[in-house]
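Worksheet: the structure to be examined is printed underneath.
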Amino acid sequence: MQHERHIVEEGRSGILLVGILSNPRSSTNAEGMTRIRAIVDATPHVIHFELDGIESIDEGLALFARAGVGLLVINGGDGTIGAVLAALLYRNPFKSTPPVSFLPGGKTNMTAADLGAKGRPDAVLKKLLRLAAFGKVDDNLTSRQLIELDLGDGSHPKVGTFFGTAGIVKGIFWCRENAYSLGLPNWMAHLWSAFKLISSAAGLGKDRNLMASEPMQLDVRGRVTLTGRFAIVTATTLDRLLFGLRPYAEDGLGGLRFAAVEFGGANVWRGMRDLLTGVFGRRPAEGVHTYCGDEILIEGSDPMTLDGEIYTPIPGRPVTLRGDKCLTFVRL
């Protein structure tokens, strides 16, 4: 569904045309779309396209390409962001891809937050529109690598910026079932879930295997192959994750920042100690592994997540992560 208060021809006037792609079904947008629409109606040089579903993303991007959009704003949760990024990588209708920016429209919003898009979506949109109006978009651009998740099923890879498996996915399930269901603020739900996972890994509470993966093999191409059971396995292209933490290596070559913590209370505590003291990935720690690389193969049966979306590996087929492609984004 298109919400076109302003005509497409404005994109040819020499003034930066902003295209806003909204998913009104994302958790934050369920309450905030009225404010977004009001801003659109009051602002020239804006096209607003509201998705009827993820399948209408290509229609919206094609409209923006014809109009000459010079700034693409994605207004939705992490799943919407990933689907749009995949469309830009594999079905891009633009002759020259415009810089991409995000409004925080979901429960986690790590990708948006890493680029400075924090707060209410309408407040972030006003900041972006001011940058466009005063010709300051080019002063706030940054390049960001993307994760391509290939499940080996013959389809295009999934695209995002944060991958996790083992205790990460179990933590997502626990958070959805026990924290979100209580209506807690997102930050409190995430903090409570993190505490639950860490305490269970340390042997406290009834479920001491909450973070334990099934046996898996992790192959960081050209660097290392790890086998066993793991409490945490992550790969990201972001600078910071939840709570501003950096649980990954910062040195080395490759777009993927990979970290794995072997299952066992002592290993998890060592990882947490280094994380909280700011030395995670900067010094050796038993049971804690960090590397940078452009390709990672994962063999195992544990479900995995890419930017909040959950996927199940195909038995007998390794999952491949690649991190050698990038797009240009707006950093606030």
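For residues that are outside any loop (DSSP other than H, G, I, E, B) and touching a Gly at 6+ places or on another chain (Cβ under 6 Å), tally how many sit in segment 34-74. Residues in segment 34-74 being outside any loop (DSSP other than H, G, I, E, B) and touching a Gly at 6+ places or on another chain (Cβ under 6 Å): 5 in total.
Annotation: Leu218 fulfils all but one of (1) more than 22 Å from Gly76 (Cβ to Cβ); (2) at pLDDT 95 or above; (3) surrounded by fewer than 22 Cβ atoms within 10 Å (Cβ to Cβ); the unmet one is (3). For segment 26-48, filtered to residues that are without any contact (Cβ under 8 Å) to a residue 40 or more places away in the chain and of a type in the set (D, E, K, R), the residue that is farthest from Pro93 (Cα to Cα) is Glu31.
Each residue in segment 275-296 was checked for being free of Cβ contacts under 8 Å to residues at least 24 places away in the same chain and under 21 Å from the mean Cα position of the chain (by Cα), and 0 of them qualify.
For segment 294-310, which residues satisfy the criterion of being touching an Asp or Glu at 6+ places or on another chain (Cβ under 7 Å), open to solvent by 50 Å² or more (accessible area, probe 1.4 Å) and not charged (D, E, K, R)? Result: Ser301, single match.
Residue pairs whose Cβ atoms lie under 7 Å apart, separated by 6 or more positions or on different chains, with the first residue in segment 49-60 and closer than 14 Å to Ala86 by Cβ and the second open to solvent by 80 Å² or more (accessible area, probe 1.4 Å), are Asp58/Arg91. The single condition among (1) at pLDDT 90 or above; (2) in a loop (DSSP other than H, G, I, E, B); (3) not small (Gly, Ala, Ser) that Glu250 does not satisfy is (1). Within segment 52-78, the set of residues being crowded, with 19+ Cβ neighbours inside 10 Å and closer than 19 Å to Tyr311 by Cα comprises Gly77, Asp78.
The residues on offer are Gly154, Gly171, Gly160, and the sole one that is open to solvent by 10 Å² or more (accessible area, probe 1.4 Å) and within 26 Å of Leu306 (Cβ to Cβ) is Gly154.
Among the residues making up segment 297-318, those that are assigned to a strand (DSSP E or B), among the aliphatic types (A, V, I, L, M) and more than 18 Å from the chain's Cα centre (by Cα) are Leu297, Ile298. If only residues of segment 118-148 that are under 16 Å from Gly79 (Cα atoms) and of a type in the set (A, V, I, L, M) are counted, the one that is surrounded by the fewest Cβ atoms within 10 Å (Cβ to Cβ) is Leu146. Going by the structure shown, is Arg12 surrounded by fewer than 18 Cβ atoms within 10 Å (Cβ to Cβ), at pLDDT below 95 and under 19 Å from Ala117 (Cα atoms)? No, not satisfied. Inspect all residues belonging to segment 230-243 and state whether any of them is modelled with pLDDT under 70 and open to solvent by 30 Å² or more (accessible area, probe 1.4 Å). Looking for residues that are modelled with pLDDT under 70 and open to solvent by 30 Å² or more (accessible area, probe 1.4 Å), one finds at least one in segment 230-243, hence yes.
The values are calculated or read from the model by the stated rules, or taken from the named source; none is laboratory data. Just so it is clear, the structure is predicted and the values come from calculations on it, not from any experiment. Here the Cβ is made from the backbone with ideal geometry for all residues, glycine too, and neighbour counts use every protein chain on show. Keep in mind that these areas ignore ligands, DNA and RNA; they rest on the heavy atoms of the full protein, side chains included. Shrake-Rupley method; radii C 1.70, N 1.55, O 1.52, S 1.80 Å.
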